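One structure is given below, encoded as structure tokens.
The values are calculated or read from the model by the stated rules, or taken from the named source; none is laboratory data. Everything numeric in this text was worked out from a predicted model, so none of it was measured. Please note: Cβ atoms are built from the backbone with ideal geometry, for glycine as well, and neighbour counts cover all protein chains shown. Areas reflect the complete protein model, heavy atoms only, side chains present, ligands, DNA and RNA absent. Shrake-Rupley method; radii C 1.70, N 1.55, O 1.52, S 1.80 Å.
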Amino acid sequence: MKLIRIEQNCVEVTWPYVKHFIKKPLDRGMNERDIDDIYLSLLHNQMQLWVLASEEEEGMLGACITQLIQYPKYKALSLPLVGTKSHTISKWYEYTMDDNSPLMQWGKEQGAVRLECYVRDGWLKFTKKFNFKKYYTTIVKEIE
């Protein structure tokens, strides 16, 4: 399994292959943004695109969007959108939420001290192993 951060100059080429993963969680949202808004944010480097691929699964398992948020007292790595193939969310969490994952390491390199994820309640069963806490509809984990 491999988690890859797509460089800004490669978003345009990659987007057609992964946007369906991001559209799924957007469709369940409150219509605060649409798929075109996400794409423009990626092109302007306001958000980052990540792809999880697996040779065993023969291709992409999913994609996610990250965004660095600078609060007055600390920086957080926000994970507002995650979309995966059916029945692969547990594999996603196992690989991406480990402290040594590329996602967590990149957040640390950017100076983030906390990861914030917006999840549906059904996903909470996968988050306990990685020390997330439910905080309203957001779960948080310290980046160490």
(request) Could you list which residues have their amide H under 5 Å from that of Leu68, counting only those 5 or more apart in sequence or on another chain, with H placed in the peptide plane? (result) Ser78
(request) Would you give the gap between the C-alpha center of the stretch 1-54 and the C-alpha center of the stretch 59-100, rounded to a whole Å? (result) 12 Å
(request) State log₁₀ I(q)/I(0) for the stretch 1-114 at q = 0.23 Å⁻¹ as given by the Debye formula over alpha-carbon point scatterers of equal weight, solvent excluded. (result) -1.46
(message) Just to be sure I understand the model, the point goes 7 Å from the Cα along the line to the Cβ. What's the resulting Glu57 to Arg5 distance in nm?
(response) 2.1 nm
(message) At 1.4 Å probe size, put Met1, Met97, Met60 in order of accessible surface, largest to smallest.
(response) Met1, Met60, Met97
(message) Taking just the alpha-carbon atoms of the stretch 48-88, what radius of gyration and Dmax come out, in angstrom?
(response) 13.5, 43
